[in-house]
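Quick notes on the structure that follows.
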Amino acid sequence: MMKIKEKENISLWKILCRLIPMAFGASPVYFTASNLVSVVDGISIVVCTFMTQKFFDSAVVLVSNKSSFNNVIVAGVALGIAFILSKVINGIDNFMYFNGEKLIERHMVKILNDKAGKLDMVTFENTEYLDDIKRAKEGVRQGAALVGAFINIFTLYVPYFIFLGIYLYKIKPILAMSLVLIFIPVAVSQFIRVKVFANLADESGSIKREYEYYERCIVDREYYKETRLLGAFGYFKELYTDSLKLLNKHIWKAEKKAGLLELSMKGITLLGYMGVLYLLFRSLLNGDISVGAFGAVFASIGFMFSIMEEIICRRLGSITSSLGTVKNLIKFLDMPEREGKDVVINRIPDISLNNVTFTYPEGNIPVISNVNLKVELGETIAIVGENGAGKTTLVKLMMGLYVPTNGSVLIGGEDTSKVSPKSIYENISAVFQKFQKYKMTLSENIAISSLKNDANKSNECRREDIKEAISKANIEVSEEKFIDGYETMLSREFDGIDLSGGQWQRIAIARGLYKKHNMIILDEPTAAIDPNMETEVYNKFAEISKDKTAILVTHRLGSAKIADRIVVMDKGKIDAIGTHEQLIKKNRKYKEMYEAQSKWYVKQVEVNC
């Protein structure tokens with residue numbers, strides 16, 4: 001597996017070659033129209049310079065009594081019209097530029113998400129990827145700004161400098177050299193700045209992730225209650241402050257180095273600017289250029305200098321500090337994808353694990369070791385074991401989320417390493433212990449599991465399916481609990497309601513049941529539900545999973561009795577397989593775990609009585 005942290009030298013040219021097609025793909029018509037407007041905008045600035053010369057020359061002729069006042073008025077009106085049109089075109093150009101940047105950013109986000117969906121799921125278990133994946137997400141915004149700036153340079157500023165260079169050359173060839181004298185030092189300083197801040201992005205990624213995490217521990221709704229209750233606010237504040245100071249130290253070091261370099265280059269540019277003004281003044285005294293040409297060129301040189309500042313310092317300079325994140329975006333997009341053929345697994349699948357071994361990235365010890373297991377068509381299997389036994393990892397292998405390091409997993413006779421993930425997940429549903437609590441309505445929280453299939457459903461049919469899933473998950477939709485019924489917002493942040501952990505788990509179960517499936521996995525989804533309610537949920541699950549392949553992962557062995565067979569995991573291996581009665585008689589580990597838990601169940605019943 002390729003590591004995103006490998007120090008691949010990604011040139012600016014390669015970055016632009018990847019980003020420009022994305023920019024065009026965001027909206028080809030808008031992209032073309034925006035760039036045409038930029039070209040016209042650049043030319044209009046040169047036209048204003050030319051009209052300024054004509055106006056000054058006509059004024060000089062009038063003072064010499066060699067022309068009428070009407071000529072000055074005509075030249076002044078023409079200059080005014082040119083300036084007005086130039087400002088209008090510039091306003092349209094700016095609007096289309098910034099709006100186009102947002103279109104590009106949205107399109108790149110879609111490409112990034114599509115890419116993430118094609119990666120091997122185990123990639124996200126590798127902690128070495130976390131910093132770079134985060135920077136890749138940040139690189140989307142910076143990438144859109146980068147490609148927008150470079151395209152704008154070649155559509156707005158390059159035409160401007162070409163036409164201005166021609167104009168200056170015709171007045172006096174040496175003046176055309178002013179473009180080079182002003183441009184080169186500033187450009188060199190910014191390209192070196194790119195390197196400085198690219199290194200900063202690599203060095204400070206983990207530090208930034210740390211301080212952002214500590215900040216969440218202090219202020220996020222998920223953490224702050226417990227943080228304050230435990231009196232840990234000061235502890236996390238100190239960690240946050242230390243990591244932020246370290247990050248600022250890195251940033252200051254880079255800014256200082258880049259600032260000193262930029263200052264020296266601007267000094268060279270200033271000398272070039274003064275040299276151009278000297279040449280311009282000498283040309284006027286020698287009679288090589290007219291007063292009008294002097295005034296127009298003098299104004300254009302100053303304007304050209306400000307444009308150089310805008311291009312290099314503000315537009316490019318503002319994104320060079322984050323160019324490292326753009327490189328990480330390119331690296332992320334170049335990561336190998338999980339490939340496979342598209343097949344249709346529309347029948348109730350069986351599952352076969354053949355000598356399966358699995359080791360997490362950068363891990364040395366297999367989490368699953370040499371497992372062989374056959375799940376028959378329509379069979380319900382329960383997987384039990386102590387914490388760390390490998391239950392959840394085994395299930396992720398059985399449903400095709402992970403591909404085994406060695407051995408093979410077959411779903412419906414198809415090898416998961418050779419089939420596209422889309423084909424595998426098409427008819428599989430699952431409810432995990434760490435489910436998502438979407439800040440959406442009750443109906444949206446459930447229907448989100450089947451948006452693709454819902455596209456062809458009527459609202460009435462969709463509502464009936466939601467009701468059915470809610471009923472199967474034992475959720476009572478009453479006015480006392482859900483004030484707006486199925487459209488109740490499940491978040492106080494959006495003027496809705498809060499739910500208990502048990503209520504959220506039932507919604508997660510309803511979400512899993514709502515999706516059309518012929519294979520369903522429940523990975524300890526009832527941890528926050530009391531044992532009696534859990535029994536009701538699993539009995540219901542046993543009913544609805546008839547004629548479907550079902551896998552149940554639980555640490556409560558009393559619930560495992562609903563399964564046709566129970567798989568006992570221990571240290572990444574299968575310790576025993578059998579029914580509840582068989583395992584009680586033959587497997588010491590299962591018997592000990594069950595007896596320890598049965599005492600708790602008895603106490604729970606006594607308390608209820």
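With the checklist (1) under 29 Å from the mean Cα position of the chain (by Cα); (2) surrounded by 15 or more Cβ atoms within 10 Å (Cβ to Cβ); (3) at pLDDT 80 or above; (4) under 18 Å from residue 432 (Cα atoms) in hand, flag the one item residue 516 doesn't pass.
Looking at each condition in turn, residue 516 falls short on (2).
Looking at segment 434-472, which of the residues that are small (Gly, Ala, Ser) and out of contact with any Gly (no Cβ under 9 Å at 6 or more places or on another chain) is surrounded by the fewest Cβ atoms within 10 Å (Cβ to Cβ)? Even if it seems obvious, please write down each step before you answer.
Taking segment 434-472 first, the residues small (Gly, Ala, Ser) are 443, 447, 449-450, 455, 458, 469, 471.
Next cut, out of contact with any Gly (no Cβ under 9 Å at 6 or more places or on another chain) only: 447, 450, 455, 458, 471.
Numbers: 447: 24, 450: 19, 455: 7, 458: 9, 471: 14.
For segment 434-472, the residue satisfying everything is 455.
Of the residues 182, 153, 192, which single one is aliphatic (A, V, I, L, M) and modelled with pLDDT of 75 or more?
Answer to the selection: 153.
For the structure I just gave you, tell me whether residue 146 is under 28 Å from residue 15 (Cβ atoms), surrounded by 20 or more Cβ atoms within 10 Å (Cβ to Cβ), within 21 Å of the chain's Cα centre (by Cα) and modelled with pLDDT under 75. Can you show your working first?
Numbers: under 28 Å from residue 15 (Cβ atoms): yes; surrounded by 20 or more Cβ atoms within 10 Å (Cβ to Cβ): yes; within 21 Å of the chain's Cα centre (by Cα): yes; modelled with pLDDT under 75: no.
No; evaluated as a whole, the condition is false for this residue.
Against the definition (more than 23 Å from residue 342 (Cα to Cα), in a helix (DSSP H, G or I) and out of contact with any Pro (no Cβ under 9 Å at 6 or more places or on another chain)), how does residue 446 come out, yes or no?
Answer is yes for this residue.
For residue 382, are the conditions met, namely being crowded, with 16+ Cβ neighbours inside 10 Å, of a type outside the set (S, T, N, Q), at pLDDT below 90 and closer than 26 Å to residue 583 by Cα? Show your work before the answer.
Numbers: crowded, with 16+ Cβ neighbours inside 10 Å: yes; of a type outside the set (S, T, N, Q): yes; at pLDDT below 90: no; closer than 26 Å to residue 583 by Cα: yes.
For residue 382, the condition - crowded, with 16+ Cβ neighbours inside 10 Å, of a type outside the set (S, T, N, Q), at pLDDT below 90 and closer than 26 Å to residue 583 by Cα - is not met.
What are the pairs with Cβ atoms under 6 angstrom where one residue, in segment 374-391, is assigned by TED's automatic domain parsing to the domain that holds residue 565 and assigned to a strand (DSSP E or B) and the other, located anywhere, is of a type in the set (Ser, Thr, Tyr) and crowded, with 22+ Cβ neighbours inside 10 Å? Sequence gap at least six, or different chains.
380/545
Identify all residues within segment 240-265 that are surrounded by 16 or more Cβ atoms within 10 Å (Cβ to Cβ) and either under 30 Å from residue 173 (Cβ atoms) or among the acidic types (Asp, Glu) (or both); write none if there are none.
255, 262, 265, listed by residue number.
If the requirement is being basic (Lys, Arg), surrounded by 14 or more Cβ atoms within 10 Å (Cβ to Cβ) and at pLDDT 80 or above, which of these qualifies: 172, 237?
237
Among the residues of segment 433-440, is any touching a Pro at 6+ places or on another chain (Cβ under 9 Å) and either in contact (Cβ under 8 Å) with a residue 60 or more places away in the chain or in the same structural domain as residue 503 (by TED's automatic domain parsing) (or both)?
yes
One line per residue, one yes/no per condition, for (1) basic (Lys, Arg); (2) over 32 Å from the mean Cα position of the chain (by Cα); (3) not assigned by TED's automatic domain parsing to the domain that holds residue 345:
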residue: 404; (1), (2), (3): no, no, no
residue: 445; (1), (2), (3): no, no, yes
residue: 462; (1), (2), (3): yes, no, yes
residue: 476; (1), (2), (3): no, yes, yes
residue: 482; (1), (2), (3): no, yes, yes
residue: 486; (1), (2), (3): no, no, yes
residue: 494; (1), (2), (3): no, no, yes
residue: 497; (1), (2), (3): no, no, yes
residue: 502; (1), (2), (3): no, no, yes
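Answer yes if at least one residue in segment 481-494 is surrounded by fewer than 14 Cβ atoms within 10 Å (Cβ to Cβ), outside any loop (DSSP other than H, G, I, E, B) and of a type in the set (Phe, Trp, Tyr), and no otherwise.
Yes, because at least one residue in segment 481-494 is surrounded by fewer than 14 Cβ atoms within 10 Å (Cβ to Cβ), outside any loop (DSSP other than H, G, I, E, B) and of a type in the set (Phe, Trp, Tyr).
For segment 7-59, how many residues meet the condition of being modelled with pLDDT under 85 and closer than 22 Å to residue 111 by Cα?
5
When only residues in segment 412-433 that are touching a strand residue (DSSP E or B) at 6+ places or on another chain (Cβ under 9 Å) and assigned to a loop (DSSP other than H, G, I, E, B) count, which is surrounded by the most Cβ atoms within 10 Å (Cβ to Cβ)?
Looking at residues that are touching a strand residue (DSSP E or B) at 6+ places or on another chain (Cβ under 9 Å) and assigned to a loop (DSSP other than H, G, I, E, B), I get 416.
Taking segment 343-374, which residues are under 13 Å from residue 518 (Cβ atoms) and more than 35 Å from the chain's Cα centre (by Cα)?
Matches in segment 343-374: 347, 348, 350.
Results for (1) more than 43 Å from the chain's Cα centre (by Cα); (2) at pLDDT 85 or above; (3) outside the structural domain of residue 503 (by TED's automatic domain parsing); (4) assigned to a helix (DSSP H, G or I), shown as yes or no for each residue.
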residue: 526; (1), (2), (3), (4): no, no, yes, no
residue: 534; (1), (2), (3), (4): no, no, yes, yes
residue: 541; (1), (2), (3), (4): no, no, yes, yes
residue: 555; (1), (2), (3), (4): no, no, yes, no
residue: 566; (1), (2), (3), (4): no, yes, yes, no
residue: 584; (1), (2), (3), (4): yes, yes, yes, yes
residue: 597; (1), (2), (3), (4): yes, no, yes, yes
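What single numbered condition from (1) on the phi < 0 side of the Ramachandran plot; (2) in a loop (DSSP other than H, G, I, E, B) fails to hold for residue 400?
Result: residue 400 passes all but (1).
Of all residues in segment 545-586, which are crowded, with 19+ Cβ neighbours inside 10 Å and closer than 30 Å to residue 364 by Cβ?
Result: 551, 553, 554, 567, 568, 569, 572, 574.
Please determine whether any residue of segment 268-288 is over 30 Å from residue 159 (Cα atoms), among the small types (Gly, Ala, Ser) and either at pLDDT below 75 or in contact with an Asp or Glu (Cβ under 9 Å, 6 or more places away or on another chain) (or both). Break it down stepwise before answering.
Of all residues in segment 268-288, those over 30 Å from residue 159 (Cα atoms) come to 285-286.
Next, only the ones that are among the small types (Gly, Ala, Ser) stay: none.
Within segment 268-288, none of the residues are over 30 Å from residue 159 (Cα atoms), among the small types (Gly, Ala, Ser) and either at pLDDT below 75 or in contact with an Asp or Glu (Cβ under 9 Å, 6 or more places away or on another chain) (or both).
When you scan segment 64-97, how many residues do you find that are outside any helix (DSSP H, G or I) and of a type in the set (A, V, I, L, M)?
0
State which residue pairs qualify: first residue within 18 Å of residue 439 (Cα to Cα) and inside segment 207-223, second residue modelled with pLDDT of 80 or more and surrounded by 14 or more Cβ atoms within 10 Å (Cβ to Cβ) in any location, beta carbons under 7 Å apart, and separation of 6 or more residues or different chains.
223/216; 223/217
For segment 358-368, which positions are surrounded by fewer than 16 Cβ atoms within 10 Å (Cβ to Cβ) and either acidic (Asp, Glu) or in a strand (DSSP E or B) (or both)?
362
Consider only pairs whose beta carbons are under 9 Å apart and that are at least six residues apart or on different chains; among these, list those whose first residue lies in segment 490-516 and is of a type in the set (Asp, Glu) and whose second residue is part of a helix (DSSP H, G or I).
498/492
The values are calculated or read from the model by the stated rules, or taken from the named source; none is laboratory data. Just so you know, these numbers come straight off a predicted model, no measurement behind them. All Cβ positions, glycine included, derive from the backbone under ideal geometry; neighbour counts span all protein chains shown.
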